[in-house]
Amino acid sequence: MSPRAPPFPACRRAGSGSLAWPRVRTMAGGLEPHLEALRRELQGPAVLSVLVALIVVAVTFLIWRFVQGRRSSRKAVLLLGLCDAGKTLLFARLLSGRYRDTQTSITDSSALYRSTSVTLIDLPGHESLRLQFLERFKAAARAIVFVVDSVAFQREVKDVAEFLYQVLVDSTVLRNAPPLLIACNKQDVTMAKSAKLIQQQLEKELNTLRVTRSAAPTSLDGSATGGPAQLGKKGKDFDFSQLPMKVEFVECSARGSKGEEGEADLEGLEKWLVKVA
């Protein structure tokens, strides 16, 4: 009797992978040259240059955001100057456009400047008060308007230069470098000095002050007793372009050529305020 055939034919144990793996290896071998080329490209100088450029852009953007954040936190425009320079009338004219009688200030006055986000702050100009009030508000200064009496300037030039020097070498002012406008006021008066002459005289006086302060005697511990910082560039005569902040001069008249009934001549000052606001 012949043996019975199995119910199912014998199955071969050759799995499907035995045929698929050679195909995969063939495909991988075909991709190897392309992968190697891509690897070389990623390690090449062109990609490195792109990465460096991206890092520079990112760092620049972060620095810009930091500087803008610091600037936006400073929203004050300080009005500085000696007594009787016309700061308070200038302050009133900028806010309302109207003339008003003023007297020597013994405290600060402040108000929001029109539709901007900046606050005008009129600081006292008396010798015993001006540095005290500057100390209080200097950290908030987005910009500074230094008002000069153009009529009395020749007589007051040393006092004007002394106060301006104290402002310019202040460590907070140097660090924040707010834009500075020298407003040559009272140009409606015939004897008023021009902005150009005032600039030249101030540069000369500030240079003299710098030399005097740098030659000040030292204390017992060897530290200088003069100004806290060097004004301008060492070894060169001082001029305003050497400062870290941008300095501009403008001629103006808070009183105006027609007196109390007329309008003030503040066009240059108002344009500058819009720019810094």
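The values are calculated or read from the model by the stated rules, or taken from the named source; none is laboratory data. These numbers come from a predicted model, not from an experiment. Note that each Cβ is placed from the backbone with ideal geometry, even for glycine, and that neighbours are counted across all protein chains shown. Accessible surface areas use protein heavy atoms only, side chains included; no ligands, DNA or RNA. Shrake-Rupley method; radii C 1.70, N 1.55, O 1.52, S 1.80 Å.
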Which one of these is modelled with pLDDT of 95 or more, among the aliphatic types (A, V, I, L, M) and part of a loop (DSSP other than H, G, I, E, B): 183, 161, 192, 229?
-> 192
Which condition breaks for residue 153 when tested against (1) under 19 Å from the mean Cα position of the chain (by Cα); (2) under 30 Å from residue 258 (Cα atoms); (3) among the aromatic types (Phe, Trp, Tyr)?
-> (1)
Within the stretch 74-110, how many residues turn out to be open to solvent by 40 Å² or more (accessible area, probe 1.4 Å), touching a residue at least 12 places away in the same chain (Cβ under 8 Å) and hydroxyl-bearing (Ser, Thr, Tyr)?
-> 6
Selection within the stretch 103-123 - within 24 Å of residue 277 (Cβ to Cβ) and assigned to a loop (DSSP other than H, G, I, E, B) = 105, 108, 113, 114, 115, 116, 117, 118, 123
Consider only pairs whose beta carbons are under 6 Å apart and that are at least six residues apart or on different chains; among these, list those whose first residue lies in the stretch 235-251 and is among the basic types (Lys, Arg) and whose second residue is in a loop (DSSP other than H, G, I, E, B).
-> 246/179
What are the residue pairs meeting all of these: first residue in the stretch 205-216, first residue at pLDDT 90 or above, second residue open to solvent by 30 Å² or more (accessible area, probe 1.4 Å), Cβ atoms under 6 Å, and 6 or more apart or on different chains?
-> 207/237
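Does the stretch 261-277 hold any residues that are part of a loop (DSSP other than H, G, I, E, B) and in contact with a Gly (Cβ under 7 Å, 6 or more places away or on another chain), and which are they?
Answer for the stretch 261-277, where residues must be part of a loop (DSSP other than H, G, I, E, B) and in contact with a Gly (Cβ under 7 Å, 6 or more places away or on another chain): 262, 263, 264.
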Complete set of residues in the stretch 139-154 that are open to solvent by less than 10 Å² (accessible area, probe 1.4 Å) and part of a strand (DSSP E or B) = 141, 143, 144, 145, 146, 147, 148
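Conditions (1) open to solvent by 10 Å² or more (accessible area, probe 1.4 Å); (2) touching a Leu at 6+ places or on another chain (Cβ under 7 Å); (3) at positive phi, marked per residue:
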| residue | (1), (2), (3) |
| --- | --- |
| 165 | no, yes, no |
| 173 | no, no, no |
| 180 | no, no, no |
| 184 | no, no, no |
| 187 | yes, no, no |
| 198 | no, no, no |
Across the stretch 111-137, what is the number of residues that are more than 12 Å from residue 82 (Cα to Cα) and open to solvent by 70 Å² or more (accessible area, probe 1.4 Å)?
-> 6
